[in-house]
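Report on the following structure.
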Amino acid sequence: MSFKKVLTGNHAVSYGATSARVQVISAYPITPQTTIVELLSEIVAEGKLDAIFVNVESEHSAMSACIGASAAGARAFTATSAQGLALMHEMLHWAAGARLPIVMANVNRAMAPPWSIWTEQNDSLSQRDTGWMQFYVESNQEAYDYVILAYKVAEKVLLPAMLVLDAFVLSHTSEPVEIYDQDKVDEFLPPYEPKYAIEPGKPISYGALSKPDTYMEFRYKIQRSMEEAVKVIEEETAKFNEMFGRNYGIVEPYMMDDADYVIVSSGAMTSTVRAAVHEMREEGKKVGLLKMKTFRPFPFEKVREYLSGRKKVAVLDRNISFGHHGIFYEEIKSAMYSVEPRVPIHGYILGLGGRDVTKQDIKEIYDDLIKREEISEIIWKGVKL
Amino acid sequence: MSKESLEFTDKIVRIESEKDLPEAPISQGFTLVNKTGSWRNVRPLLKEQNAPCQNACPLKVWIQSFIDLLTRGKPEDAALEILKNNPFPLLTRRLCRAKCEIACNRKKYDAPISIRELEGFTGSIAYDKNIYPEREKPLSRKIAVTGNSESIMSAAYFAYLFGLDVDLYTTSPFDGLGLSEEEVEREISRLRNMGINIIAEGKKLEELLDKYDAVITDMGEVKDKLTFQTDNEKLYIVAPERKDFSRDLYFGKRAAKSVYQYLKGEPIEKDAPPPRSVSFNNIVTDYFEPEERIDTINTMQEAIQEGNRCFSCGHCNSCGNCYVFCPDAAISWINDLPVVDYDYCKGCGICVEECPRSVLILVPERG
Amino acid sequence: MIEIRMHGRGGQGTVVASKVLADAAFKDGKYAQSFPQYGVERRGAPVTAFTRIADSEKDLIVRSFIYEPDHVVVLDPTLLSTQNILEGLKKGGWVVINTPEAPDSFDIPSDYKVATVDAASIAVKWRLGTKTQPIVNTAILGAFSKVTGIVSLQALEKAILENAPVKQEENVNAAKEAFESVKIRS
């Protein structure tokens with residue numbers, strides 16, 4: 001039987017990995033991720049999950065251990081944050097290039113220096129081009145659900161997937177989470193049957209050299225799988241919704257039907273945006289919310305579908321690509337390049353390093369948006385300079 | 001620490017608003033501006049506590065302190081510490097029942113400290129060098145102490161130290177203890193050299209009561225066995241029980257104190273029971289190595305070696321552990337003692353935890 | 001929606017208190033969220049934690065800090081002199097303080113309702129924490145439950161049993177004792 005329990009976002013992820021019956025966990029502690037693998041190590045030690053917990057000396061080794069386990073056909077899991085994710089960088093390319101469906105939870109934390117332990121998306125968005133799928137979750141329920149969903153999609157398209165949750169705002173926030181009946185999860189996510197696996201009897205080797213006459217083809221195949229993943233995500237999310245009574249999508253619209261103005265958001269701050277949009281609607285403002293659940297593969301079609309024909313769009317970025325703009329802003333603008341007539345899109349940078357994002361902030365952004373004549377690619381909300 | 005750092009205040013960049021933030025996330029100021037003491041809800045205090053040896057000693061000798069002084073190479077100071085409470089350390093070396101050693105916390109670890117030997121050895125230094133404890137301000141009151149017992153000798157000793165003028169009437173001092181003539185002569189001459197007037201004859205009590213401000217004797221009926229008062233407020237009677245030599249010496253001290261309080265016009269108070277002593281569980285034994293006990297002490301080297309075995313329960317012997325362990329460097333070392341800087345002490349309690357001898361305690365902060 | 005802010009010090013169980021309160025509300029059939037304001041969490045450092053309680057998930061709970069709480073809970077009375085505990089507190093809100101003092105002895109405006117409970121002594125009695133560092137979180141929640149009625153004592157007991165890492169029964173007893181002994185400003 002499914003049951004509801006008040007859990008932190010991190011523990012929801014641990015429960016997700018347990019429900020997904022991961023077989024190998026390798027991780028190195030880092031705030032604010034630590035409690036994910038702390039609980040998992042307890043669950044493994046208590047024999048409630050038939051998995052091997054591999055202690056390592058760094059995140060680079062944690063990802064390496066997951067790569068080895070996944071190459072051997074195991075369902076592998078890890079979790080990290082910020083500098084830990086950066087240290088994994090080399091092996092992130094390796095995991096995707098080797099087509100290993102590893103799932104990782106990254107707790108969004110601002111990169112140092114200056115040191116910060118609070119939420120910001122630059123750590124995960126810096127790994128944009130590694131070949132990993134990225135899902136940005138909004139609630140603890142989503143954190144739990146997307147561990148299961150990520151494995152389903154990853155194992156279908158043979159690419160690794162990262163679910164991303166905000167430091168503290170989700171990771172250490174407690175709220176009710178529904179934990180599903182194991183039989184139902186097993187039905188949705190059957191045991192991993194690897195297409196390629198290292199077995200003593202049937203030797204294969206990973207990491208061989210590919211000369212210029214073949215390398216490009218492997219890259220092409222990754223890109224094709226990413227493109228295919230869009231469809232797979234939509235299909236699997238639909239199945240998931242049906243089985244577990246959710247309402248997920250590759251992107252998620254809220255009050256969008258007749259919205260002239262759209263606020264695009266991602267991650268945990270979306271809850272605050274939703275509440276603000278709801279209140280502004282009650283005040284008669286024609287505003288809607290588009291939540292970017294999936295960042296890679298980028299949901300071009302859905303973004304065009306939802307943003308075409310709007311009067312103005314505000315993209316909220318809890319990140320910055322120095323020398324450019326907010327990263328979601330860049331991507332959405334590029335997706336909308338071919339759309340006629342041109343939709344004015346404005347970029348807002350806010351909440352960096354865990355600065356609180358309030359309902360009032362969102363309302364002020366809306367007021368600012370409707371006043372703007374010229375397109376503003378980078379607007380700093382709340383910077384005290 | 002903060003005094004020296006103040007010289008650098010001209011280099012501190014004042015950041016009044018975010019506009020003053022430098023490009024690089026560097027700290028130009030001292031972390032001293034962050035007075036983390038505000039986080040504290042308990043504070044560490046240096047509080048000397050009684051040791052079990054001290055509580056067990058009938059004479060209440062501050063054993064941890066004299067051993068500490070001895071091992072720091074201050075034998076004269078150590079001897080003076082003993083002489084404050086023990087008038088005849090060379091006699092107790094042979095005659096004391098050494099309840100201190102039975103109570104010694106170290107007994108639970110390997111073997112008790114040779115306290116009686118250490119005390120006797122240290123006492124002999126005072127005898128060799130003619131060292132006497134300091135006397136309180138003379139009161140200009142004259143008393144007679146009459147009798148032959150060890151309690152009477154002790155009463156004379158302490159009455160003198162309390163600042164009273166003492167005529168000691170004794171015909172056969174330390175009678176009945178089987179002391180050699182040399183021993184008796186040694187102790188009597190020390191009492192004489194201190195300043196006690198010794199008269200080798202007996203006098204009638206009535207005569208003495210007429211002539212002196214007060215009299216202590218060892219014959220007669222005691223009214224109060226804790227203060228040794230009698231129906232006559234000028235007369236105090238103290239006699240040895242002969243069960244415990246040191247306890248009999250203490251009786252003399254107690255009688256002398258009663259006389260002193262009477263002559264000073266203060267109420268004669270009974271002794272309060274000693275506070276609870278530091279138990280073996282309060283000692284962080286991890287800091288101590290097993291060390292063989294030295295039973296007989298004849299040299300300073302042996303004394304220091306044996307003294308170093310002492311846990312120093314409840315007495316700061318400046319081991320410096322708190323200073324070393326404080327994660328905030330909030331403990332300074334002044335005059336061989338830890339001084340806590342409460343501007344920065346967060347009340348984490350590590351110093352208390354790591355004090356091997358249970359001298360530091362935590363007390364709640366009042367808001 | 002009801003918003004509660006808790007003020008304590010690292011080591012007193014402030015964050016756990018906010019979570020237990022959320023869980024108790026959930027067990028009463030409501031929707032709840034709790035989160036700490038993470039900063040320099042060290043033993044003794046001031047800690048703030050928040051709980052939001054709504055009738056259902058549909059109430060659109062935001063994920064920002066609580067600036068205008070309906071009630072505040074003070075786990076360490078020494079914070080009253082160093083922090084603005086009443087900041088943003090809505091009129092008519094409860095101030096529940098762990099202190100042996102009477103509720104009348106605090107200089108708190110009459111706009112607010114004041115309750116005190118000697119949670120430290122109760123915690124010491126049930127051997128929660130140490131004498132110098134009692135863990136007062138479960139006791140003060142008992143007092144909060146009594147004066148505000150926002151969560152039931154039964155739900156609170158269940159939430160404590162599930163969330164207390166050790167001494168579950170003792171924690172429940174502490175909450176019950178505080179429930180009975182809380183004093184209200186007249």
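If I measure Cβ to Cβ between cysteines in chain B, which ones have no partner under 4.7 Å?
Isolated Cys, chain B: B:57, B:96, B:104, B:310, B:313, B:316, B:319, B:326, B:345, B:348, B:355.
A drop of at least 50 square angstrom in accessible area, chain alone versus all protein chains together, probe 1.4 Å. Which residues of segment A:1-41 meet that?
Listed in order, they are A:6.
Please sort A:259-271, B:48-60, B:315-327 by packing, taking for each peptide the average over its residues of neighbouring beta carbons within 10 angstrom, highest first.
Working: A:259-271: 25.5, B:48-60: 21.7, B:315-327: 17.4.
Going by the mean number of other Cβ atoms within 10 Å, highest first, we get A:259-271, B:48-60, B:315-327.
Tell me, what % of the accessible area of the protein assembly as shown is carbon and sulfur with a 1.4 angstrom probe?
51
Within segment B:103-144, which GluC sites (Glu not before Pro) sit in a loop by DSSP and count at most 10 neighbouring Cβ atoms inside 10 Å?
Sparse-neighbourhood loop GluC sites (Glu not before Pro): B:134.
For a Förster distance of 35 Å, can you work out the FRET efficiency between the beta-carbons of residue C:101 and residue C:127, rounded to the nearest 0.05?
0.90
About the Cα centre of chain B, how large is the charge dipole given +1 on each Lys and Arg Cβ and -1 on each Asp and Glu Cβ? Please answer in debye to the nearest 20. Can you show the working numbers first?
Details: 48 positive and 58 negative charges, 155 e Å.
Computed charge dipole of chain B: roughly 740 debye.
Have a look at A:232, A:322, B:171 and report the one farthest towards the positive end of the charge dipole of the protein assembly as shown, computed about the Cα centre with Cβ charges (Lys/Arg +1, Asp/Glu -1).
Projecting each Cα onto the dipole axis, the largest value belongs to A:232.
Let me cross-check residue B:30: its accessible surface, 1.4 Å probe, with only protein heavy atoms counted, in Å² to the nearest 10?
Around 80 Å² of this residue is reachable by solvent.
Expressed as a whole number of Å, what is the distance separating the alpha-carbon centroids of segment C:72-111 and segment B:298-325?
Comparing the Cα centres of segment B:298-325 and segment C:72-111, I get a distance of 49 Å.
Local charge sum around residue B:248 (other residues, Cβ-Cβ under 12 Å, Lys/Arg +1, Asp/Glu -1)?
+2
Distance between Cα centroids, segment A:229-250 to segment B:223-276: provide it in whole Å.
Between the Cα centres of segment A:229-250 and segment B:223-276 lies a distance of 93 Å.
Computed on protein heavy atoms with a 1.4 Å probe, what is the summed buried accessible area for the chain pair A and C, in Å² to the nearest 100? Numbers along the way, then the final one.
Numbers: alone 16820 and 9050 Å², together 23960 Å².
Summing both sides, the interface buries roughly 1900 Å².
Threshold 50 Å², probe 1.4 Å: give the residues of segment A:341-379, in number order, that are less accessible with all protein chains present than with their chain alone.
Checking the loss per residue gives A:356.
What does the highest-first list of A:306-319, A:165-178 look like by mean Cβ count within 10 Å?
Details: A:306-319: 21.9, A:165-178: 26.8.
Going from most to least packed, we get A:165-178, A:306-319.
Which of C:97, C:53, C:150 ends up with the largest GNM mean-square fluctuation for chain C, with Cα atoms connected below 10 Å?
C:150
Mind checking the mean number of beta-carbon atoms from other chains within 10 Å of the Cβ atoms in A:165-176? Write down the numbers at each step before the final one.
Details: counts 0, 1, 1, 5, 5, 2, 2, 7, 11, 16, 13, 10.
Mean number of neighbouring Cβ atoms from other chains: 6.
Can you pull the one-decimal nm distance between simple spin-label points at residue B:97 and residue A:324, each 7 Å off the Cα toward Cβ?
9.1
Compute the long axis of helix B:150-161 from its Cα atoms, compare it with the longest principal axis of the Cα atoms of chain B, and write down the angle in degrees, 0 to 90, nearest 10.
Once rounded, one gets 60 degrees.
How large is the translational diffusion coefficient of chain B in µm² per second when you combine the Kirkwood radius over alpha carbon pairs with Stokes-Einstein at 25 °C and 0.890 mPa s?
104
Rounded to the nearest 20 debye, what is the charge dipole size of segment A:1-129 about its Cα centre when +1 sits on each Lys and Arg Cβ and -1 on each Asp and Glu Cβ?
440
Could you identify which residue out of B:272, B:111, B:79 has the top mean-square fluctuation in a GNM of chain B using Cα springs shorter than 10 Å?
Maximum fluctuation in the GNM of chain B, among the listed residues, is at B:272.
Between segment C:147-186 and segment A:326-367, what's the alpha-carbon centroid distance in Å?
Cα centroid of segment C:147-186 versus Cα centroid of segment A:326-367: 45 Å apart.
To the nearest 20 debye, what charge dipole does segment B:273-337 have about its Cα centre, counting +1 at the Cβ of each Lys and Arg and -1 at the Cβ of each Asp and Glu?
Result for segment B:273-337 is approximately 300 debye, rounded to the nearest 20.
Could you tell me what percent of the DSSP beta bridges with both partners in the protein assembly as shown are antiparallel, to the nearest 5?
40
Can you tell me the 0 to 90 degree angle between the C-alpha axis of helix A:34-45 and the longest principal axis of chain A, rounded to 10?
Compared with the principal axis, the helix lies near 30 degrees.
For helix B:115-128, what angle does its Cα long axis make with the longest principal axis of chain B, in degrees from 0 to 90 and rounded to 10?
The two axes meet at around 70 degrees.
Which order do the peptides B:95-105, C:130-140, B:173-183 come out in when sorted by mean C-beta neighbours inside 10 angstrom, highest first?
C:130-140, B:95-105, B:173-183
Find the accessible area per residue for the protein assembly as shown; the probe is 1.4 Å, ligands and nucleic acids are left out, and the unit is Å². Walk me through the numbers before you get to the answer.
On the way: 42020 Å² over 938 residues.
Value for the protein assembly as shown: 45 Å² per residue.
Using +1 at the C-beta of Lys and Arg and -1 at the C-beta of Asp and Glu, which of A:259, A:167, A:339 has the Cα lying farthest in the positive direction of the dipole of chain A?
Selected residue: A:339.
Does segment C:46-161 classify as rounded, prolate or oblate by the C-alpha gyration tensor (a ≥ b ≥ c root eigenvalues; a/c under 1.5 gives rounded; else a/b over b/c gives prolate, otherwise oblate)? Please report the intermediate quantities before stating the final value.
Numbers: a/c = 1.69, a/b = 1.18, b/c = 1.43.
It is oblate, given that a/c is not under 1.5 and a/b is not larger than b/c.
Using a ≥ b ≥ c from the Cα gyration tensor of segment A:252-380 (square roots of the eigenvalues), is it rounded, prolate or oblate, where a/c under 1.5 gives rounded and otherwise the larger of a/b and b/c decides, a/b for prolate?
On the way: a/c = 1.31, a/b = 1.05, b/c = 1.24.
The shape class here is rounded.
Can you give the net charge of the other residues whose Cβ lies under 12 Å from the Cβ of residue B:140, counting K and R as +1 and D and E as -1?
+2
How many nm is it between the label spots at residue B:266 and residue A:72, if each spot is 7 Å from the Cα in line with the beta carbon?
8.1
Starting from the Cα of residue B:222, step 7 Å along the direction of its Cβ; do the same at residue B:111; then give the gap between the two resulting points in nm.
Reported label-point gap for residue B:222 and residue B:111 is 3.7 nm.
Go through segment B:11-41 and flag every residue whose accessible area shrinks by 50 Å² or more with all protein chains in place compared to the isolated chain (probe 1.4 Å).
Checking the loss per residue gives B:18, B:25, B:39, B:41.
Find the eigenvalues of the gyration tensor of the Cα atoms of segment B:146-253, then list the square roots of 5 times those eigenvalues as equivalent ellipsoid semi-axes, largest first, in whole angstrom. All intermediate terms of the calculation are to be shown ahead of the outcome.
Values: eigenvalues 83, 56, 32 Å².
Semi-axes from the Cα gyration tensor: 20, 17, 13 Å.
Along the charge dipole of the protein assembly as shown, pointing to its positive end and built from +1/-1 on Cβ of Lys, Arg, Asp and Glu, which listed residue (B:274, A:375, B:216) has its Cα farthest out?
Ranked along the dipole, the leading option is A:375.
Say we join alpha carbon atoms closer than 10 Å with springs in a Gaussian network model of chain C; which of C:145, C:81, C:18 then has the biggest fluctuation?
Looking only at C:145, C:81, C:18, the biggest GNM fluctuation is shown by C:81.
Classify segment A:3-244: rounded, prolate or oblate, from the alpha-carbon gyration tensor (a ≥ b ≥ c, eigenvalue square roots; a/c under 1.5 rounded; otherwise prolate if a/b is larger than b/c)?
rounded
Output wanted: per-residue J couplings in Hz (rounded whole) for segment A:119-135, from phi through Karplus 6.51 cos²θ - 1.76 cosθ + 1.60, θ = phi - 60°, x for Gly and Pro.
Karplus-based 3J(HN,Hα) across segment A:119-135 equals 6, 5, 8, 4, 5, 6, 5, 5, 9, 3, 9, 8, x, 8, 6, 9, 10 Hz.
Give me the orientation-averaged projected area of the Cα convex hull of the protein assembly as shown, in nm², one decimal.
Computed as one quarter of the Cα hull surface, the answer is 53.4 nm².
The values are calculated or read from the model by the stated rules, or taken from the named source; none is laboratory data. This structure is a prediction, so every number in the text was calculated from the model and none was measured. As a convention, Cβ positions derive from the backbone with ideal geometry for all residues, glycine included, and neighbour counts pool all protein chains shown. What goes into the accessible areas is simple: the full protein's heavy atoms, side chains included, and nothing from ligands, DNA or RNA. Shrake-Rupley method; radii C 1.70, N 1.55, O 1.52, S 1.80 Å.
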